[in-house]
Amino acid sequence: MSSVPHAEPPPRGNPRRRLSSFFHRHHHVRLGGLLAAPVGWLVIVYLGSLVLLLMAAFWDTEPFTNDVVRHWNLGNFRRIFEQDVYRNVAWRTIKMAGLVTIADAVLAFPIAYYMARVAGPRKRNLLVVAVLTPLFASYLVKAFAWRTMLGEQGLVNWVLGPFGLSAPGDWTSLWLTFTYFWLPFMILPIYAGLERIPNSLLEASADLGGRSVRTFWKVTLPLAFPAVVAGSIFTFSLTLGDYILPGLIADQQFIGTVIYSERSSGLPVAAAFAMVPIAVMTVYLLVARRLGAFKAL
Amino acid sequence: MLLRLGTGLTLAFIYLPLLVIAIYAFNENISQTWPIEHYTTKWFRVAWEDESVRSALLLSVKAALGATAIALLLGMLASLAVARYSFFGRETISFLVILPIALPGIITGLALQATILNVFQPLGITFSIWTIIIGHATFCIVVVYNNAVARLRRVSGSLEEASADLGADSWQTFRYVTFPQMRTALLAGGLLAFALSFDEVIVTIFTSGAQQTLPIWMFTNFGRPRELPIVNVVALFVIIASIVPVWIAQRVTVEPHGTTGGRG
């Protein structure tokens with residue numbers, strides 16, 4: 001009969017092992033250790049900066065040196081609400097954000113649907129990569145590309161010329177550019193949302209007598225709606241805060257450009273006006289959450 | 001099929017501007033007319049010999065490497081915490097990590113600049129490559145984090161428990177079990193973070209002071225008609241420099257059964 005091998009006592013001894021056992025028994029400490037660096041960084045560097053910005057909105061500027069004077073008051077906010085120009089700019093930006101969102105939703109849906117429900121797995125992967133890659137191609141390169149194409153002697157005029165048309169005006173050009181920029185942000189959530197719809201639901205609808213258009217209208221679209229809202233968060237927010245494209249393409253003042261130009265004459269006013277897009281997006285996010293967008297992200 | 005046509009058109013729409021700019025890099029003429037009359041490669045040499053372009057390129061590369069390193073470390077730590085433990089506030093961590101990329105860039109940029117001007121400068125720290133790196137790292141964390149968490153969720157923790165059962169301590173488990181599983185996800189996250197940092201401009205404008213990264217160089221030269229040919233070349237380079245890492249990252253994390261999630 002072969003002898004049963006002893007169970008060797010677990011190796012103790014070296015400090016590393018003891019430290020590791022300590023962490024194993026007190027795994028909250030290990031968890032804290034893991035989280036300390038990233039959370040510390042984000043809270044101190046990022047949240048701290050945001051809080052500073054929020055506080056700065058209540059401060060003043062020294063008129064001659066443009067230094068920030070920590071004199072707490074509501075003057076900046078009063079100025080924003082009273083002067084028409086701020087209100088006009090804000091409305092203009094919100095309007096554009098809405099138009100861009102609608103355009104992107106309409107453009108994104110066909111390709112997202114194709115990717116989610118028609119294409120085979122290999123093609124689907126390829127398409128995901130194809131849609132994702134330009135997201136990382138430089139923002140500025142795309143901005144430059146559009147400005148070049150929409151220019152007096154650019155591509156767009158060249159294409160439309162023979163038809164007697166000319167390049168679209170400032171507002172339309174900007175709308176087109178924004179739509180282009182944020183399109184991948186709308187495609188991907190809609191694609192993910194459509195992919196999640198179980199086939200069984202669509203089959204059930206067909207079994208109950210619904211033809212494809214009806215099924216699409218009554219089943220697919222409502223189920224995909226939260227995903228559309230999720231995508232809209234990006235298109236809306238990105239348009240709301242953009243400070244480069246409006247000046248570059250349309251030479252117009254939007255919320256972003258105003259904040260950007262105000263920042264050199266005084267952080268407090270810029271910070272106060274920056275509260276506007278933050279407030280708008282907070283409301284938007286709350287509504288979006290109600291509509292189920294967060295589950296679709 | 002109509003759907004296939006729509007998809008093709010949308011894809012064409014997405015890639016057209018990039019192709020147009022790539023073609024413009026070979027345009028002989030200084031003015032940006034279309035169609036292009038003469039093609040040349042001379043602007044590539046001119047761009048390379050431009051001192052400001054080269055130093056901007058160097059700064060961009062250094063900043064991207066620094067930001068990627070920090071993002072890899074912090075993203076990996078955070079992902080390990082979130083994917084392998086359940087604790088109070090876990091969703092808040094996810095929210096916190098995403099926030100820098102979710103808020104409009106101008107808010108992030110303005111906030112960081114406020115900190116630099118009002119907190120760092122009184123302490124004697126001014127705009128430098130480190131302010132750029134700090135800004136970039138903050139929103140690159142999420143890119144690494146997302147990839148790592150997705151991978152950790154797909155690979156269950158039972159292997160780590162088995163490793164512990166077999167007598168490995170935490171460091172050994174991490175080194176021999178967890179990390180190898182995460183490696184390609186971290187690589188992908190790192191490549192994406194690099195690409196993101198390399199062509200970032202929206203927040204960098206606020207955190208760079210007088211320095212010029214490559215995108216900032218482009219931005220300042222948009223309004224200089226004589227420099228536009230060089231801008232075209234730089235643009236082409238930036239397109240390639242961002243597409244290549246992203247493409248590699250995708251190949252490295254290709255999922256064996258197509259995309260996640262099933263149907264039906």
Legend entry - Under 23 Å from the Cα of residue A:218 - lysines, other chains or at least 8 residues apart: A:295
Legend entry - Local electrostatic count, residue B:67, Cβ distance below 15 Å [Lys/Arg +1, Asp/Glu -1]: -1
Legend entry - Helical segments meeting 20 Å axial Cα length and Kyte-Doolittle 0.5 threshold in chain B (DSSP H): B:2-24, B:51-84, B:129-154, B:179-198, B:228-252
Legend entry - nm² value of the averaged projected area, convex hull over the Cα atoms of the protein assembly as shown: 35.3
Legend entry - Inter-label distance, nm, simple model (7 Å from Cα along the C-beta direction), residue B:162/residue B:220: 5.7
Inset, instruction - Take the alpha-carbon centre of the stretch A:176-254, take the same for the stretch A:73-114, and report the distance between them in whole Å. - result: 18
Inset, instruction - Straight distance only, please: which aspartates and glutamates reach the Cα of residue A:95 with their own Cα at less than 16 Å, same-chain residues fewer than 8 apart left out? - result: A:104, A:170, A:242
Inset, instruction - Using a/c under 1.5 as the rounded threshold, could you call chain A rounded, prolate or oblate? The axes a ≥ b ≥ c are square roots of the C-alpha gyration tensor eigenvalues, and prolate needs a/b larger than b/c, oblate otherwise. - result: oblate
Inset, instruction - Rank the residues B:91, A:262 as a footprinting-exposure proxy: fewest other Cβ atoms within 10 Å of their Cβ go first. - result: B:91, A:262
Legend entry - Charge tally in the Cβ shell below 15 Å around residue A:277, where Lys, Arg are +1 and Asp, Glu are -1, residue A:277 excluded: +2
Inset, instruction - Find the centroid of the Cα atoms in the stretch A:260-274 and in the stretch A:32-60, then give the distance between the two in whole Å. - result: 20
Legend entry - Estimated 222 nm signal from helices in the protein assembly as shown, with DSSP H stretches of n ≥ 4 weighted -39500 (n - 2.57), rounded to 500: -22500 deg cm²/dmol
Legend entry - For the stretch B:101-138 versus the stretch A:133-153, the gap between their alpha-carbon centres in whole angstrom: 27
Inset, instruction - Give the shape of chain B as rounded, prolate or oblate, defined through the alpha-carbon gyration tensor: a ≥ b ≥ c are the square roots of its eigenvalues, a/c under 1.5 means rounded, and otherwise the shape is prolate if a/b is larger than b/c and oblate if not. - result: oblate
Legend entry - Ranked list, fewest to most other Cβ atoms within 10 Å of each Cβ, for A:220, A:148: A:220, A:148
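Throughout, read-outs are computed from the coordinates displayed, never taken from laboratory work. Computed from a predicted model, the values in this text were never measured in an experiment. Methodologically, a virtual Cβ is constructed for each residue, glycine included, from the backbone with ideal geometry; neighbour enumeration extends over all protein chains shown.
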